[in-house]
1. Relative contact order for the chain: what percent, with Cα pairs under 8 Å and sequence separation of 6 or more?
2. Could you tell me which of 82, 131, 36 has its Cα farthest along the dipole of the chain towards the positive end, charges placed at Cβ (Lys, Arg +1; Asp, Glu -1), taken about the Cα centre?
3. Only residues of segment 28-63 count here: report those whose backbone N is under 20 Å from the spot 7 Å along Cα→Cβ of residue 159, or say none.
4. Arrange the peptides 125-133, 58-66 so that the one whose residues have, on average, the most other Cβ atoms within 10 Å appears first.
5. So, R0 is 25 Å and r is the distance between the beta-carbons of residue 92 and residue 24; what FRET efficiency does that work out to, to 0.05?
6. Suppose every K and R has +1 on its Cβ and every D and E has -1 on its Cβ; what is the size of the dipole of segment 120-180 about the Cα centre, in Debye to the nearest 20?
7. What Kirkwood Rh does segment 6-175 have if only Cα atoms enter the pairwise 1/r average? Answer in Å.
8. If you take the square roots of the eigenvalues of the alpha-carbon gyration tensor of segment 99-154 and sort them as a ≥ b ≥ c, do you get rounded (a/c under 1.5), prolate (a/b over b/c) or oblate?
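Just so it is clear, none of the values below were taken in a lab; they were calculated from the coordinates. Here the structure is a predicted model, which means the values were calculated and not measured. Cβ placement follows ideal geometry from the backbone for every residue including glycine, while neighbour counts extend to all protein chains displayed.
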Amino acid sequence: MTAEPLERFLDRRARLAAAGPDEASPILRTARESDLPELRRLDREVFQEVAYPGFLFRQLYDMYAGHFLVLDDGTGTLRGYVLAGTSALDRDSWILGLCVAPDRRRHGLGRELMTEILVRLRRSGVERVRLTVEPGNSAAILLYRSLGFRPEGPHGGLRRDYFGPGMHRRVLRLDLTAAR
Ligand SMILES: CC(C)(COP(=O)(O)OP(=O)(O)OC[C@H]1O[C@@H](n2cnc3c(N)ncnc32)[C@H](O)[C@@H]1OP(=O)(O)O)[C@@H](O)C(=O)NCCC(=O)NCCS
């Protein structure tokens, strides 16, 4: 990951400040066990029929709590999360979930979640981060590319039927060691 240029950082701060008192910037923190019901609600709101089943969310939390970050608006409502699964054996990591509540998008929160998780992954000794994204999800692809992710493999990282028939994905990759 390359360092965030100062002007981009200042622009983001200005946009967050412009969000107004009703949309005060949520606090970014590590997920807690007590967040699980609210995380499921948010996940279902954003991902609908492809949301994680509750039992899987629970076990992902058990395995990867240190790399499970949430945006907490201070009233018990979560506005976003990012989850990374890591492998101690080969220093690999996958972003397993990223979302921001629909009414809080375009205020820099997705970038904030991704930037912080990449900092934590690097600190944990992770060398490579991968993720999959729906080929038509240009908002997410632009975010990932701006953070240094690049397609893995030919055809822009396109993997047909990756999640089953008709469920194509692009695989993107960021090398944390090269980006130091
Ligand atoms: C992808 C997502 C997390 C981005 O969150 P966000 O808080 O709106 O993103 P940010 O405001 O931090 O924007 C970061 C960058 O993403 C890109 N981006 C985000 N939304 C965009 C949009 N609607 N159109 C074009 N670019 C967009 C831009 O490059 C933006 O940088 P910029 O503000 O300097 O132009 C959010 O749209 C989301 O939750 N989508 C649904 C779930 C999802 O698709 N998750 C990813 C699965 S792989």
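1. Values: 266 pairs, mean separation 35.7, N = 180.
Relative contact order, the chain: 20 percent.
2. Result: 131, furthest along the dipole toward the positive end.
3. 50-53, 57, 60
4. On the way: 125-133: 18.9, 58-66: 14.2.
Output ranking for 125-133, 58-66: 125-133, 58-66.
5. Details: r = 36 Å, r/R0 = 1.45.
FRET efficiency, residue 92 to residue 24: 0.10.
6. Values: 13 positive and 5 negative charges, 51 e Å.
My answer is approximately 240 debye.
7. Values: mean 1/r = 0.0597 Å⁻¹.
Roughly 16.8 Å, rounded to one decimal.
8. Working: a/c = 2.45, a/b = 1.16, b/c = 2.10.
The shape class here is oblate.
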